[in-house]
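> Okay, handing you the structure first.
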Amino acid sequence: MQGNERLTRIKAHWNETSESEWYRSLRTEERIKAIRETPASAFHPAVFALMGKYLPDLKHLRVLLPSSGDNHAAFALAMLGAHVTSADISERQLENAAAIAARLGLDMEFICDDTMGLSRIDGGAYDLVYTSNGTLSWIFDLDAMHRGIFRVLKPGAYYVLHDMHPFNRPFSGEAWKEPRIVKAYGDVFPDLHWRLQDMVNSQLRSGLRLCEMAELPAADPSFWFPYEELRKKRREELEGLNDWKRNPMAALPAWVALVSQKPGQP
């Protein structure tokens, strides 16, 4: 499948998914209220702490979120005082997010753009680029993505990546059953199951300098279930799922975070 055709399919998928029951559940008053009351709740706690280590004060910083998706992180960063640009390939995702931002009185910029291009994003303009979980599973050209991120960052600025740890990819991931190996770790294609070496080496090729890596456990038991499964689960069924003695998959890291910097003086 050629690149343009893949992008067209990805755009169509997310325009449709934006109106799904799953994504409507991410836009409820309850979910948005929780972010408004505690912006840090939009992040894995360790990722938020890691971001704060390198950028302790986000006020007035320019922040770009490519593949912004549900925009929870974008809303949170805007609430923390950053000047936020939310970019996504899906017009519907951005329209829904813009409506929430307007309701909350958040002054945010929304740009429809492909994360592997970022052609509509100004170069050398951002203090922070943040990509959240789920982004990499749609990226079929990591080098193009990282070249774009390098271009839009100011000298001395940071890129923070947070995504599913690739050690989960070989397994079925069924937390309530004995895990099964369903693929080799090295089988990157056709499902875009990038390895750690792919993530790190691609960033280094772009010119970014790796500052720190963190391998993180699941923050809550919802990690182990797709939405349709999760909504059927009773509270007691979710208890203890982050304990590897009950759920063997919890012995592996669930998430990975990378902090990188564009060389140069701010």
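> Condition first: touching a strand residue (DSSP E or B) at 6+ places or on another chain (Cβ under 7 Å) and assigned to a helix (DSSP H, G or I). Now tell me which residues in the range 18-77 satisfy that.
Answer for the range 18-77, where residues must be touching a strand residue (DSSP E or B) at 6+ places or on another chain (Cβ under 7 Å) and assigned to a helix (DSSP H, G or I): 46, 47, 50, 51, 54, 73, 74, 77.
> Collect the residues in the range 209-219 that are surrounded by 14 or more Cβ atoms within 10 Å (Cβ to Cβ), touching a helix residue (DSSP H, G or I) at 6+ places or on another chain (Cβ under 8 Å) and either free of Cβ contacts under 8 Å to residues at least 24 places away in the same chain or not aliphatic (A, V, I, L, M) (or both), keeping them in residue-number order.
Scanning the range 209-219 gives 211, 217.
> Please specify each residue of the range 93-131 satisfying the condition of being within 17 Å of the chain's Cα centre (by Cα), β-branched (Val, Ile, Thr) and within 15 Å of residue 73 (Cα to Cα).
129, 131
> Moving to a separate point now. For the range 235-266, name all the residues that are small (Gly, Ala, Ser), under 22 Å from the mean Cα position of the chain (by Cα) and farther than 13 Å from residue 176 by Cβ.
Those that are small (Gly, Ala, Ser), under 22 Å from the mean Cα position of the chain (by Cα) and farther than 13 Å from residue 176 by Cβ: 254, 257, 260.
Conditions tested, residue by residue: (1) outside any loop (DSSP other than H, G, I, E, B); (2) free of Cβ contacts under 8 Å to residues at least 60 places away in the same chain.
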site	(1), (2)
85	yes, yes
92	yes, no
98	yes, yes
110	yes, yes
115	no, yes
121	no, yes
129	yes, no
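> Okay, moving on. Taking the range 13-32, which residues are within 18 Å of the chain's Cα centre (by Cα) and farther than 13 Å from residue 231 by Cβ?
Those that are within 18 Å of the chain's Cα centre (by Cα) and farther than 13 Å from residue 231 by Cβ: 13, 14, 15, 17, 18, 23, 27, 31, 32.
> Here is a follow-up. Against the condition touching a Gly at 6+ places or on another chain (Cβ under 7 Å) and among the hydrophobic types (A, V, I, L, M, F, W, C), how does residue 249 come out, does it pass?
yes
> Also, I was wondering about something else. (1) more than 16 Å from the chain's Cα centre (by Cα); (2) more than 24 Å from residue 257 (Cβ to Cβ): which one isn't true of residue 90, the others all being true?
Failing condition for residue 90: (1).
> Please find, within the range 18-42, the residue that is surrounded by the most Cβ atoms within 10 Å (Cβ to Cβ) out of those that are among the polar types (S, T, N, Q) and touching a helix residue (DSSP H, G or I) at 6+ places or on another chain (Cβ under 6 Å).
My answer is 18.
> Another question about this same structure. Exactly one of these conditions fails for residue 13: (1) part of a helix (DSSP H, G or I); (2) exposed (fewer than 13 other Cβ atoms within 10 Å of the Cβ). Give me its number.
So residue 13 meets the others, but not (2).
> Quick check: anything in the range 220-233 in contact (Cβ under 8 Å) with a residue 12 or more places away in the chain, surrounded by fewer than 17 Cβ atoms within 10 Å (Cβ to Cβ) and among the small types (Gly, Ala, Ser)?
Yes: the range 220-233 contains one or more residues that are in contact (Cβ under 8 Å) with a residue 12 or more places away in the chain, surrounded by fewer than 17 Cβ atoms within 10 Å (Cβ to Cβ) and among the small types (Gly, Ala, Ser).
> Tell me, please, whether a residue that is in contact with a Ser or Thr (Cβ under 7 Å, 6 or more places away or on another chain), modelled with pLDDT of 95 or more and at positive phi can be found in the range 124-146.
No, the conditions are met nowhere in the range 124-146.
The values are calculated or read from the model by the stated rules, or taken from the named source; none is laboratory data. Here the structure is a predicted model, which means the values were calculated and not measured. Here the Cβ is made from the backbone with ideal geometry for all residues, glycine too, and neighbour counts use every protein chain on show.
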